[in-house]
Amino acid sequence: MLRPSDFFRRMQTAEGYTDPLIFALISIILNVFFFTLFRDGMLRFGFQPSILTSSTMQDSGSNFIIFSNIIEPFIICIQCAFIMAQAFNLASKALGGTGNYNSTVNFMLYTNAPAVLAWIPILNFIAGIYYVYLNIVGGMIVHNVSMRKSIAILLLSVILFILSLALLVIFTLCIYSAYEKYAY
């Protein structure tokens, strides 16, 4: 991933989601493992803070929740990659891009590479910038657009993504409200 444009050009010939999905899962596993171990997990298990930990907490004993700290990030990251890929693909088509959904999903999954370093307090900002850069370069290559259009596509897709999440939350709240009203 040190030469993203070459990487994304070679990636376009690959078919299927297997390799990018495995790559994204490994990146997320490493991120969650190190984040949990050094920034969260050691404190929750009652160990003294490490050098990498910025604050102290009281011993919380067995409050380590496996689902929210380990399993949930995988589910959220992978779902968001597929949803964001759809938003990116729609925005790309609206602005004249030529890529397809499968290639968009693949490059979105591969852009999780900076997640390996995102647990480190100083490097998380740099990893975030590199993540945005990878999305811009991936969009340029996969959808055959200029850098300026790729930036616009990324911004539009983020807006579409946020709107779709807002609609999902509203829909969920409406369903929950209706359930509460008629359940008793």
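Readers should treat all values here as calculations from the given coordinates under stated rules, not as data from a laboratory. Owing to the predicted nature of the structure, the values given are computational and were not obtained by experimental measurement. For neighbour counting, all protein chains shown are included, and Cβ atoms are generated from backbone atoms with ideal geometry for every residue, glycine included.
Assorted remarks:
- Under Stokes-Einstein, with the Kirkwood radius over Cα pairs as Rh, the value for segment 103-174 at 37 °C and 0.692 mPa s is 243 µm²/s.
- At most 16 other Cβ within 10 Å, DSSP loop - chymotrypsin sites (Phe, Trp or Tyr not before Pro), segment 3-34: Tyr17
- Peptide ranges 95-102, 73-80 listed from the most packed, as the mean C-beta count within 10 angstrom indicates: 95-102, 73-80
- Largest-first ellipsoid semi-axes for segment 116-156, taking √(5λ) over the Cα gyration tensor eigenvalues, angstrom: 24, 9, 6
- Length-normalised contact order for segment 90-148 - Cα pairs under 8 Å, 6+ apart - percent: 43
- Point-to-point label distance, Arg148-Arg10, nm (Cα→Cβ direction, 7 Å offset): 3.2
- Computed on the Cα trace of segment 73-142, the radius of gyration divided by the Kirkwood hydrodynamic radius gives Rg/Rh = 1.01.
- With R₀ fixed at 30 Å, the C-beta to C-beta distance from Asn100 to Ala166 puts the FRET efficiency at about 0.65.
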